[in-house]
Amino acid sequence: MPVHRIPPAVIALALCLSAGLLVAGVTLPFLSVERFFFFTNEFSVIDAVRILAGEGEWLLAVIISGFSIAFPAFKIVAAAGLWRMATGRGVVHVRAVKWLHTLGRWSMLDVLVAALVVFTAKASAVANASAEPGLYCFIAASLVLSGVTLWLEKVADAEGSET
């Protein structure tokens with residue numbers, strides 16, 4: 001079965017899975033930080049935005065909420081719209097799919113930042129940090145959505161070669 005012939009139910013399930021994993025990724029603990037072997041704090045993305053906003057760090061709160069919450073949610077909605085066009089026998093716009101796939105490359109930026117925080121904390125003698133389930137859910141959401149956009153690219157390429 002060619003890649004662009006994946007049953008629509010599988011893509012719908014992948015989009016729902018990606019959305020659910022994104023919600024879990026931003027609400028579950030993303031990172032835990034242990035200081036002096038006694039004090040442990042767990043942070044979710046939502047917690048980080050709330051704490052930053054509460055401390056008056058509005059720019060950081062907006063950047064984190066934009067790139068970690070709004071941007072991935074937009075990509076899921078855009079992928080769903082492009083998928084509806086593909087299954088509705090409409091034309092899948094190759095440029096829109098390529099643009100969405102290019103944006104998807106930025107999805108793992110949050111993961112890179114979290115990895116740097118873990119590394120920095122582990123390198124210091126004062127604190128230790130570790131990844132929590134929210135980080136893994138966020139990674140899984142990004143990977144599932146990347147699979148959907150890859151499928152959309154194959155559909156767009158197949159439609160482009162048919163015309």
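Does segment 36-43 contain at least one residue that is in contact with a Ser or Thr (Cβ under 8 Å, 6 or more places away or on another chain) and assigned to a helix (DSSP H, G or I)?
Narrowing segment 36-43 to residues in contact with a Ser or Thr (Cβ under 8 Å, 6 or more places away or on another chain): 40-43.
If we keep only those that are assigned to a helix (DSSP H, G or I) too, we end up with none.
Checked against the condition, which is being in contact with a Ser or Thr (Cβ under 8 Å, 6 or more places away or on another chain) and assigned to a helix (DSSP H, G or I), segment 36-43 yields no hits at all.
Residues in segment 15-35 that are closer than 14 Å to VAL49 by Cβ and assigned to a helix (DSSP H, G or I): how many?
3
Filter segment 32-54 down to the residues that are surrounded by fewer than 15 Cβ atoms within 10 Å (Cβ to Cβ) and modelled with pLDDT of 90 or more and list them by number.
ARG50, GLY54, listed by residue number.
Name the pairs: first residue in segment 23-42 and more than 12 Å from PRO133 (Cα to Cα), second residue assigned to a loop (DSSP other than H, G, I, E, B), Cβ to Cβ under 9 Å, at least 6 apart or on different chains?
Within 9 Å, the pairs are ARG35/VAL126; PHE36/VAL126.
Kindly provide the set of residues from segment 112-129 that are at pLDDT 70 or above and surrounded by 15 or more Cβ atoms within 10 Å (Cβ to Cβ), ordered by number.
ALA127, ASN128, ALA129
How many residues does segment 9-31 contain that are under 17 Å from ILE64 (Cβ atoms), aliphatic (A, V, I, L, M) and modelled with pLDDT under 90?
Summing the residues that are under 17 Å from ILE64 (Cβ atoms), aliphatic (A, V, I, L, M) and modelled with pLDDT under 90 in segment 9-31 gives 1.
Sort out which residues of segment 55-67 are buried (at least 18 other Cβ atoms within 10 Å of the Cβ) and β-branched (Val, Ile, Thr), and write them in order of number.
Within segment 55-67, just ILE64 meets the criteria.
Please go through (1) exposed (fewer than 13 other Cβ atoms within 10 Å of the Cβ); (2) more than 20 Å from the chain's Cα centre (by Cα) for ALA70 and return the number of the only condition it doesn't satisfy.
So the condition that ALA70 fails would be (2).
Being assigned to a helix (DSSP H, G or I), basic (Lys, Arg), over 18 Å from SER44 (Cβ atoms) and modelled with pLDDT of 85 or more: is that true of LYS75 here?
Values: assigned to a helix (DSSP H, G or I): yes; basic (Lys, Arg): yes; over 18 Å from SER44 (Cβ atoms): yes; modelled with pLDDT of 85 or more: yes.
For LYS75, the condition - assigned to a helix (DSSP H, G or I), basic (Lys, Arg), over 18 Å from SER44 (Cβ atoms) and modelled with pLDDT of 85 or more - is met.
The values are calculated or read from the model by the stated rules, or taken from the named source; none is laboratory data. Every value quoted in this text rests on a predicted model; they were computed, and no experiment measured them. A quick note on method: Cβ atoms are made from the backbone with ideal geometry, for glycine too, and the neighbour counts reach across all protein chains shown.
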